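The values are calculated or read from the model by the stated rules, or taken from the named source; none is laboratory data. Since the structure is predicted, the reported quantities are computational estimates derived from the model, not experimental observations. Ideal geometry is used to build each Cβ from the backbone, glycine not excepted, and the neighbour counts take in all protein chains shown. Note: areas computed on protein heavy atoms with side chains; ligands, DNA, RNA excluded. Shrake-Rupley method; radii C 1.70, N 1.55, O 1.52, S 1.80 Å.
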Amino acid sequence: MFAGTAAAQADTSTGTYPSKPITIVVPYAPGGVADSTARLLAQRLQEAWHQGVVVENRAGAGGLIGAGIVARAPADGYTMLLGVSGLVLQPQLVKKTTYDPFRDFSPITLIARLPLLLAVPKSGAAQTLQEFVARGKTNPAGTNIGNYGVGTPSHLLSIMLNQQAGMDLPLVPFQGSSQLATNLLGGQISGGLIDSVTARQFAERLNFLAVTGTQRLPGLPGLPTFRELGYRSFEQDGWLGVLVPAATPQAIADKLSIELARIIKSPEVSAKIENMGITPVGSSPAEFAKVMRADFDVYGKVIREANIRID
């Protein structure tokens, strides 16, 4: 620990950071959007700084293992976390956690947002959110809402939709967004909140009724946001972001934030991120911290009121 601190101080005072390879920990298996985004940023950061940047996948326990590794790593700027919105949800859902999202991490930059879309089968009767709600009220036994896992934003937003629309529809969990989409395509599920990456894959085979966030999607300009339709606290999107251990020197954190935001906002990288079905951001640390706190508060209220726990 003392060696790591001394190295960080030396890098800060001499301006030599980074002087050795950097590791980006992805707390999920290879192949997903988090992994692909981490590798894209690693390549560009390596090119910019002429220093090795390694992506290390440390999957398990819904992201807790990888996040815990970074939380305990030396705070010297050489270990970063590619975090997702579940980072602020997991500690509120499980009894034993390996980190505190605010005490143990410093946000560096919000990479991208992953809006969630309420999707319905093409063959379904509902063509608008209003029609879906009306059907849910008149035929609750024949209507349900799918989600991509207990305790996920998809699940929590489904609870909020039930509450605000005055419905009591069954909530059906699946193991991942792809499985949810498959059941939507087959008509086994009346509707479901899927992420924008999955929605992009099935855009021609599903209908979309509303999207989270504060702005309409560029690729679906006719799709209203939940907020436009009168629903509260649906501004929360999924997200990807970079974080470092909390005690990382400010000069190093600032250097990382400025460089990563520049990379994310560059036309070529922004285009690659958009092609994944997510929306590039490249925020300041303060903006990222605000998003984390809003998610913690909004989703935390739902978790507590619904008494959702994951063993």
Checklist line | Residue selected from region 291-311 under the condition outside any helix (DSSP H, G or I) and open to solvent by less than 90 Å² (accessible area, probe 1.4 Å), by the criterion modelled with the highest pLDDT | finding: 308
Margin query: If I ask for residues that are at pLDDT below 95, of a type outside the set (Lys, Arg) and part of a loop (DSSP other than H, G, I, E, B), which ones from region 116-142 would you list?
Written below: 123, 124, 125, 126, 127, 139
Item checked: When residues of region 1-22 are limited to those that are open to solvent by 40 Å² or more (accessible area, probe 1.4 Å) and modelled with pLDDT of 95 or more, the one nearest to residue 80 (Cα to Cα) -> 21
Checklist line | Subset of region 167-182 that is in a loop (DSSP other than H, G, I, E, B) and touching a helix residue (DSSP H, G or I) at 6+ places or on another chain (Cβ under 7 Å) - its residue that is surrounded by the fewest Cβ atoms within 10 Å (Cβ to Cβ) | finding: 168
Next item on the list: May I ask you to list pairs of residues, at least six apart or on different chains, whose Cβ atoms are under 9 Å apart, with the first in region 178-190 being within 11 Å of residue 206 (Cα to Cα) and the second being open to solvent by 70 Å² or more (accessible area, probe 1.4 Å) and part of a helix (DSSP H, G or I)?
Entry: 181/201
Next item on the list: Please determine, by comparing only the residues of region 30-51 that are open to solvent by 60 Å² or more (accessible area, probe 1.4 Å) and part of a loop (DSSP other than H, G, I, E, B), which one is modelled with the highest pLDDT.
Entry: 50
Next item on the list: Answer yes if at least one residue in region 210-219 is modelled with pLDDT under 95, open to solvent by less than 40 Å² (accessible area, probe 1.4 Å) and touching a strand residue (DSSP E or B) at 6+ places or on another chain (Cβ under 9 Å), and no otherwise.
Entry: yes
Notebook entry, point to check: Restricting attention to region 137-151, which residues are in contact with a helix residue (DSSP H, G or I) (Cβ under 7 Å, 6 or more places away or on another chain) and either among the charged types (D, E, K, R) or open to solvent by less than 40 Å² (accessible area, probe 1.4 Å) (or both)?
Noted result: 143, 145, 146, 147, 149, 151
Margin query: I'd like the residue in region 233-278 that is out of contact with any helix residue (DSSP H, G or I) (no Cβ under 9 Å at 6 or more places or on another chain), among the hydrophobic types (A, V, I, L, M, F, W, C) and open to solvent by 20 Å² or more (accessible area, probe 1.4 Å) and, out of all such residues, is farthest from residue 66 (Cα to Cα).
Written below: 271
Check: Here are some residues: 54, 25. Which one is hydrophobic (A, V, I, L, M, F, W, C), at pLDDT 95 or above, open to solvent by 30 Å² or more (accessible area, probe 1.4 Å) and assigned to a strand (DSSP E or B)?
Finding: 54
